[in-house]
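So the structure is just underneath, and the comments pick up after that.
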C-alpha cells in the first residue's frame, strides 16, 4: 500500500479569526493584540455528545497541517503516520483538531 493510500487523503485547512476590534485581546502590560487568525484542520467526525475530540498542537516550527495531503502536495502532514483510521489517533474513533499556535508558522 502506498503512503497516499494509508493517509487520510485530501484535507482542507480552515481559518478562524478572533480578537477583532473593538474586542482586541488585552495584554498584561497594557497593549492589545488583534485581530488574530488561526489555521486549523480537522479529521474524523465529532460524535453527538462531543466527547471524542482530541486537540493536537505543534511545536513552533510546524503548522496546522498534521495529516493528509493538500491538493497538489506530494508530502503529507507532519504527523500523518499517527493520525488516521487504525492509527494512534484513530479517526474512526476520534475527532482530531490541529491548529497553529499564536505566532506559529503558516
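Laboratory data are not the source of any read-out in this text; all were calculated from the coordinates shown. Note that the structure is a prediction, hence the values are computed from the model and not measured. Positions of Cβ are backbone-derived with ideal geometry, glycine not excepted, and every protein chain shown enters the neighbour counts.
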Looking only at the stretch 59-79, which residues are closer than 30 Å to residue 23 by Cβ and under 9 Å from the mean Cα position of the chain (by Cα)? 63, 64, 65, 66
Filter result for residue 8 (out of contact with any helix residue (DSSP H, G or I) (no Cβ under 6 Å at 6 or more places or on another chain) and not in a loop (DSSP other than H, G, I, E, B)): no
Identify, please: which residue in the stretch 34-60 is surrounded by 12 or more Cβ atoms within 10 Å (Cβ to Cβ) and free of Cβ contacts under 8 Å to residues at least 24 places away in the same chain and is, among those, nearest to residue 92 (Cα to Cα)? 37
Residue, farthest from residue 54 (Cα to Cα), within the stretch 86-100, restricted to residues that are touching a strand residue (DSSP E or B) at 6+ places or on another chain (Cβ under 9 Å) and without any contact (Cβ under 8 Å) to a residue 60 or more places away in the chain: 90
Could you say whether any residue in the stretch 16-31 is within 14 Å of the chain's Cα centre (by Cα) and assigned to a loop (DSSP other than H, G, I, E, B)? no
Suppose we filter the stretch 70-83 for residues that are at positive phi and touching a helix residue (DSSP H, G or I) at 6+ places or on another chain (Cβ under 7 Å); how many remain? 0
Those residues of the stretch 86-101 that are surrounded by 18 or more Cβ atoms within 10 Å (Cβ to Cβ), in a loop (DSSP other than H, G, I, E, B) and either under 8 Å from the mean Cα position of the chain (by Cα) or on the phi > 0 side of the Ramachandran plot (or both) come to a total of 1
If we keep just the residues of the stretch 75-85 that are in contact (Cβ under 8 Å) with a residue 24 or more places away in the chain and closer than 20 Å to residue 15 by Cα, which is surrounded by the fewest Cβ atoms within 10 Å (Cβ to Cβ)? 76
